[in-house]
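Here it is, the structure in full.
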Amino acid sequence: MAKTEPSMDEWLAEAKQSPEADQCGMFLVHNGVVRVTPKREVREGVQGIGQVAQVEFSYDAAGVDAAVEEALTWPGVHYVRVWLNEGALSVGQSIMYVIIGADIRPNCIDALQKLVGHIKNDLVVEKEVYA
């Protein structure tokens, strides 16, 4: 069953009050959502699959915790928080939220891309169900 989504206003307020906040010149938020277009169509150009009705989503919680700890060792990264949904998710529902706080823009952008990529490629299971 899908989880209740966090408030990004609350997350950002908490991030700005964290002990590391004075080292962060930028916070970036990623919100991944279920889209109607199949992943294979977007990434590989495969046509004729149909539209996504829902995604069955699960993840490796210990792996995500370890990924967050690792991200905190990357250049300039001082704040990381991750939330992942689970269960049968409909089009438009959030799959994940990731917030990264870093010293400068390039470090923040690179860290967000690297962490989200690692989570999506290695730590989640997504099964698209077509309409």
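Could you tally the net charge around residue 42, taking each other residue with its Cβ under 14 Å from the Cβ of residue 42, Lys/Arg +1 and Asp/Glu -1? Before the final figure, lay out each step's value.
Details: positive: 35, 39, 40, 43, 120; negative: 41, 44, 126, 128.
Value of the local net charge: +1.
To continue, here is another question. Taking the chain as a Gaussian network, where each spring joins two C-alpha atoms under 10 Å apart, which residue of 47, 17, 93 fluctuates the most?
47
In whole Å, what is the distance between the alpha-carbon centres of the range 1-64 and the range 70-111?
Centre-to-centre distance over Cα atoms comes out at 8 Å.
Spin-label point model (7 Å from Cα, Cβ direction): what's the residue 122 to residue 33 distance in nm?
About 2.9 nm separates the two model spin labels.
What distance in nm separates the two pseudo spin-label positions at residue 74 and residue 113, each 7 Å out from Cα along the beta-carbon direction?
Roughly 1.0 nm, to one decimal.
Using a 1.4 Å probe over the heavy atoms of the protein chains, calculate the carbon and sulfur portion of the accessible area of the range 22-131 as a whole percent.
49
Once the range 30-131 is represented by equal point scatterers at the alpha-carbon sites, with solvent omitted, what log10 I(q)/I(0) does the Debye formula produce at q = 0.13, 0.14, 0.18 Å⁻¹?
Summing over Cα pairs of the range 30-131 leads to -0.51, -0.58, -0.86.
Now for a different question. Taking a probe of 1.4 Å, how large is the accessible area per residue of the chain, in Å²?
On the way: 7340 Å² over 131 residues.
Per-residue value: 56 Å².
Based on the Cβ-Cβ distance of residue 43 and residue 86, what FRET efficiency does E = 1/(1 + (r/R0)^6) give at R0 = 25 Å, to the nearest 0.05?
Efficiency, from the Cβ-Cβ distance: 0.65.
Would you mind counting up the charge near residue 101? Only other residues with Cβ under 14 Å from its Cβ, with Lys and Arg at +1 and Asp and Glu at -1. The partial results should precede the final answer.
Numbers: positive: 16, 81, 105; negative: 14, 20, 22, 103, 110.
Charge balance near residue 101 sits at -2.
Which one of 92, 45, 25 has the biggest mean-square fluctuation once the chain is modelled by GNM with Cα springs under 10 Å?
Comparing 92, 45, 25 in a Gaussian network model of the chain, the most mobile one is 45.
Looking at the chain as a GNM with Cα springs under 10 Å, which of 13, 53, 67 has the largest mean-square fluctuation?
Of the options given, 13 has the highest mean-square fluctuation.
Let me ask you something else. Skipping prolines and chain starts, which residues have an amide H placed within reach, meaning under 5 Å, of the one on residue 3, given they are 5 or more residues away or on another chain?
Answer set, sorted by chain and number: 86.
The values are calculated or read from the model by the stated rules, or taken from the named source; none is laboratory data. Since this is a predicted model, take the numbers as computed values, not measurements. No Cβ is skipped: glycine too gets one built from the backbone with ideal geometry, and neighbour counts run over all protein chains shown. These accessible areas exclude ligands, DNA and RNA; they are computed on the full protein's heavy atoms, side chains included. Shrake-Rupley method; radii C 1.70, N 1.55, O 1.52, S 1.80 Å.
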